[in-house]
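S.K.: This is the structure I have questions about; it appears just below.
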Amino acid sequence: MLRFTLNGQTVETDLAPDTPLLWAVRDQFKLKGSKFGCGAGLCGACTMHVDGMAQKTCVLPLAAVAGKAVTTIEGLDPQGVGAALQAAWVAESVSQCGYCQSGQIMAAAALLEANPNPTEAELETAMAGNICRCGCYPRIKNAIQSAAATLAGGALFKDAMAEEVSA
Amino acid sequence: MSTLSRRSFLRHSALAGGGLLVAFTLPGCSTPPSLPVPRESGDFVPNAFLKFTADGAVHFYCPRDEMGQGVTTGLTTIVAEGLDMAPQRITVELAGAHPDYANPGMGFQVTGGSTSVKEHFTQLMTVGCQLRALFLAAAAQDLGVAESALTTDDGMIVHGENRYPYAQFLATAATLTVPETVDLKAAADYRWIGTAFPRLDGEVKATGKAVYGIDIDVPGMEHAVVVRPPVFGAKVVRFDDRAAKSVAGVRTVVEIATGVAVVAEHFWQAKKGAEALTVEWSASPLDGATTASLRADYAEALAAGGEEAESTGDVATALAGATKTVDLEFWAPFLAHAPMEPMSAVVHVKGDSAELWAGTQGPGPAGALVARHAGLEPAQVMVHQTYLGGGFGRRGTLTHVVEATQISKATGTPIKLLWTREDDLRGGLYRPASLMRIRAGLDDDGRIAAWDAARAGSNITPETIRNSLPALLPGMPDGVVDFMVGLTDRLHQGWVVDHSSIEGLYEDYAVPNLAVHHVTKEHGIPVTFWRSVGHSYTAFAKEVTMDALAEAAGQDPVAFRLAHLEHNPRLAAVVAKAQEAWNGWTPAPGRHLGFAAHHSFATSVAQVAEVSVEDGAIRVHRVFCAVDCGLAINPDIVRAQMEGAIMYGLTAALHGKLDFEGGAVKQSNFHDYPILRINEAPKVEVVIMESQEAPTGVGEPGLPPIAPAVANALYRATGKRLTELPLSDALRLA
Ligand code: FES
Ligand code: FES
């Protein structure tokens, strides 16, 4: 019996310890917001936070999260960084099919928690593990920057971006 | 103002419960199945599209499938405009299967071909306007005033200072007859159409609440993974499931038409079981095939010549007499769609009924397929449509729905079938590979005198027939389907040209002497529609050739194009718009510009790409895109579709290829089938041409110009005329 915290609640599972966290969360705990895209750590659709770090959970065995705190999109903080990102995602109409977006937002949330004002290069590095097949990348960038600005209580470096785009 | 008679496509009949039903006429179908619209007493359901409830809620049953293209927002906006009610007040539902939800341009319940807004605009505007008129009439009756004293404003009936919600008049409206004719709202009065506002599905998709096929969970459901042949065309000879059955959680193993299914309590167990399964496969004609051998077959076919698809003037004489000629051969490889959500479906076959939950590009055909393989009538199948985690043409083919049905029929349990990413890349279907040749000549004035184009490869039509006939004609026996597929196949071998194989290769520019040929070469590799279909490769050949011709003519490539577009004003206008960007754009040091334009799906697009090569790697920094799609219902969604098509097209242009080795597809996941990532994504600027013309497609037309625009920029950057996709490979080998 393996135990960990899922969105603040202690949960137990007797699934094989090599079962990836993603499948325990989806099939046993029935939280479907985290998605399957590749099963090989290559796309980020399955991104959750484990002890606050963004992790690709399709390749993270249950054994590795014993005793740890797992957060999924369903448990993303309804204030603060999570809310700011989600509001920005809606305002910028980031999502197309939307399938990758839970993973994108979880990765973005971990980024802004660690680095509230990332440069464009830092943003790209942090988000490069998350594929969006619909190609929402320009809007993902805009939304992260606008959420960062909101959280900082004003405009940050968005101006620099706008300048480049209008050239 | 235009007036439409609803008689052309509407009829009404009384409905039990004192309500009123407006159903769309179904030629040859006298008893339409009941609408898949759940209703409670007091609900007003005037037609298949709208439900009004007493608490003031309005539900719109969106007839087209949401795969990211924003169709739920777009079509809701149209009906909302007619109703005179903010789209945000309307709850969008994904419609189940019913003939009333057919795509008006196709007659079937299918989403694709960038047709949704184009085909539904008048229909849904009419429906909205009719309902608004009905509420006005009901309000006049209830309030005891003349209808002329009333107007509407955002879901309210307005009488002088007083405002009443539509919902107040539901009961009376339900007793009235929908007006025979209705004035459609004038474009000048649009409040929401033409305005950019956030997508209506933004919130469910930012919170993880949007439900896709993969998310469906029904009581008693089991998970299946199917082991399919490594080489297309091979069949199961025998299999050993002892090891698979000993995997914890595995419940059963069943052979189905396409392979062997392992069924387990959870997905992960099914996948482990599938890995433990040993299957012996029969030989296939494709055994041993490699990319090189397939391409050699195409080259041989192209050299032998093929069917004439188009001919004007005398291309041979014009080429012989040309001052300068260009002769280029182009290669475009097989590509997978790789939607972010791999194929998935949940099917439950019960005794005399079945249910399907999936996100497909054809809920109607999907239900019919379940019926066929479950041995039921289509009316016995309930279809639950979900969001699609990407489509791009892939979710129009429903092999996975058939597989899930066959498994559920065998187990009697609800089955969730999920393809892995490896299944997705190796299990088909693909954008067909194409070998193309264009010979073109200039006259003394530097104008194109001759355009001689040819393409060799396989056609998507036979496979489309194979996949769609069983769904569209439920009564047709399998043998007849096979016959039809074989017939189509043979017809394309020397009789007729599959237009989707050559579309876009020659149409855009004025050419006095034209010849287009096609040679069919089939290898049994399943192919289908892939975002922008034939245009995805023909535009590359056509637009690279145009740059080569412009160079030969000593002309600016954009001016050269414009000189050949006098007959084609919409394309000319977007080229001229992009020319402004082109002329005013000084690329940063080390960067170069490339241009391309293309008309597809009734929409014209021109693009400029700013490109550099850094340590041998191609980097696309910025793309300008001008588009004429007629009236833009929501300009921000048009922009998003251009951005997305550019990214999707860049993945193909820079990285995309599937190789064959020993008859099997070599690539298996995103490590060797790389998708463009955020650090490679260019900045995109989109200009939408001002237009009041009827709206046209936006899902696909943004894609075709990007590969040639990048290739043309690379020529300026490197002096190498790259004619093979993907460009990263071509540049390395050049
Ligand atoms: S599903 Fe986990 S990284 Fe792709
Ligand atoms: S929105 Fe479709 S994959 Fe990202």
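The values are calculated or read from the model by the stated rules, or taken from the named source; none is laboratory data. In this text, all values refer to a predicted model and were calculated from it rather than measured experimentally. A quick note on method: Cβ atoms are made from the backbone with ideal geometry, for glycine too, and the neighbour counts reach across all protein chains shown.
S.K.: Can you go through B:A548, B:A559 and tell me which one is assigned to a helix (DSSP H, G or I), surrounded by fewer than 23 Cβ atoms within 10 Å (Cβ to Cβ), without any contact (Cβ under 8 Å) to a residue 60 or more places away in the chain and more than 25 Å from the chain's Cα centre (by Cα)?
M.R.: None of the other options fit; the residue is B:A559.
S.K.: Could I ask something else about it? Could you check the range B:423-446 and list, in sequence order, the residues that are touching a helix residue (DSSP H, G or I) at 6+ places or on another chain (Cβ under 6 Å) and at positive phi?
M.R.: Listed by number, the list holds a single entry, B:G446.
S.K.: Please work out which residue is farthest from ligand 2 (Cβ to nearest atom), limiting yourself to the range A:50-60 and to residues that are farther than 9 Å from A:L22 by Cα and surrounded by 16 or more Cβ atoms within 10 Å (Cβ to Cβ).
M.R.: Among those that are farther than 9 Å from A:L22 by Cα and surrounded by 16 or more Cβ atoms within 10 Å (Cβ to Cβ), it is A:V50.
S.K.: Go over the candidates B:G396, B:G364, B:G389 one by one and state the one that is within 14 Å of chain A (Cβ to nearest Cβ) and within 19 Å of B:D65 (Cα to Cα).
M.R.: Within the list B:G396, B:G364, B:G389, the selection yields B:G389.
S.K.: Something else: Is it the case that B:A322 is in a loop (DSSP other than H, G, I, E, B) and either farther than 27 Å from B:G259 by Cα or without any contact (Cβ under 8 Å) to a residue 12 or more places away in the chain (or both)?
M.R.: So B:A322 fits the description; yes.
S.K.: Please enumerate the residues belonging to the range B:656-677 that are assigned to a loop (DSSP other than H, G, I, E, B) and either of a type in the set (A, V, I, L, M) or away from chain A (no Cβ under 14 Å) (or both).
M.R.: B:K657, B:D659, B:G662, B:G663, B:K666, B:I675, B:L676
S.K.: From the set of residues in the range A:1-32 that are out of contact with any Leu (no Cβ under 9 Å at 6 or more places or on another chain) and at the interface with chain B (Cβ under 10 Å from one of its Cβ atoms), which is nearest to ligand 2 (Cβ to nearest atom)?
M.R.: Within the range A:1-32, the match that is nearest to ligand 2 (Cβ to nearest atom) is A:K32.
S.K.: Restricting to the range B:329-352, count the residues that are surrounded by fewer than 16 Cβ atoms within 10 Å (Cβ to Cβ) and either within 14 Å of chain A (Cβ to nearest Cβ) or within 34 Å of the chain's Cα centre (by Cα) (or both).
M.R.: 3
S.K.: For the range B:650-668, name all the residues that are of a type in the set (S, T, N, Q) and either modelled with pLDDT under 95 or within 16 Å of ligand 2 (Cβ to nearest atom) (or both).
M.R.: B:T651
S.K.: Of the residues A:G39, A:G52, which is farther than 24 Å from B:P198 by Cβ, within 17 Å of the chain's Cα centre (by Cα), of a type outside the set (V, I, T) and more than 16 Å from ligand 1 (Cβ to nearest atom)?
M.R.: Result of the check over A:G39, A:G52: A:G52.
S.K.: Report those strands (runs of 3 or more DSSP E) wholly inside the range B:209-286 carrying at least 2 residues which are in contact with a strand residue (DSSP E or B) (Cβ under 8 Å, 6 or more places away or on another chain) and under 20 Å from A:D14 (Cβ atoms).
M.R.: Ranges flagged: B:222-227, B:250-256.
S.K.: Let me ask something additional. Could you say whether any residue in the range A:77-90 is of a type outside the set (D, E, K, R), within 16 Å of ligand 1 (Cβ to nearest atom), out of contact with any Pro (no Cβ under 8 Å at 6 or more places or on another chain) and closer than 29 Å to B:A338 by Cα?
M.R.: no
S.K.: Quick check on the range A:71-80. Is at least one of its residues more than 11 Å from chain B (Cβ to nearest Cβ) and in contact with a Ser or Thr (Cβ under 8 Å, 6 or more places away or on another chain)?
M.R.: No, the range A:71-80 contains no residue that is more than 11 Å from chain B (Cβ to nearest Cβ) and in contact with a Ser or Thr (Cβ under 8 Å, 6 or more places away or on another chain).
S.K.: Residue check, B:G427 against (1) touching a Lys or Arg at 6+ places or on another chain (Cβ under 8 Å); (2) assigned by TED's automatic domain parsing to the domain that holds B:V544, all met but one. Which one?
M.R.: It fails just one condition, (2).
S.K.: Restrict the check to the range A:115-127 and report whether at least one residue is outside the structural domain of A:L31 (by TED's automatic domain parsing), away from ligand 2 (no atom under 14 Å from the Cβ), of a type in the set (G, A, S) and under 12 Å from the mean Cα position of the chain (by Cα).
M.R.: Scanning the range A:115-127 turns up at least one residue that is outside the structural domain of A:L31 (by TED's automatic domain parsing), away from ligand 2 (no atom under 14 Å from the Cβ), of a type in the set (G, A, S) and under 12 Å from the mean Cα position of the chain (by Cα).
S.K.: Just to be sure I understand, how many residues within the range A:3-49 are in a strand (DSSP E or B) and either surrounded by 18 or more Cβ atoms within 10 Å (Cβ to Cβ) or among the small types (G, A, S) (or both)?
M.R.: 7
S.K.: Grab the helices (runs of 4 or more DSSP H) fully contained in the range B:404-492, keeping just those with 2 or more residues being at pLDDT below 95.
M.R.: In the range B:404-492, B:461-472, B:478-492 are the helices (runs of 4 or more DSSP H) which contain 2 or more residues that are at pLDDT below 95.
S.K.: Which of the residues spanning the range B:289-311 are surrounded by 15 or more Cβ atoms within 10 Å (Cβ to Cβ), of a type in the set (D, E, K, R) and touching a strand residue (DSSP E or B) at 6+ places or on another chain (Cβ under 8 Å)?
M.R.: Selection gives B:R295, B:E307, B:E310.
S.K.: Is it fair to say B:P674 is free of Cβ contacts under 8 Å to residues at least 24 places away in the same chain, not basic (K, R) and not assigned by TED's automatic domain parsing to the domain that holds B:E119?
M.R.: yes
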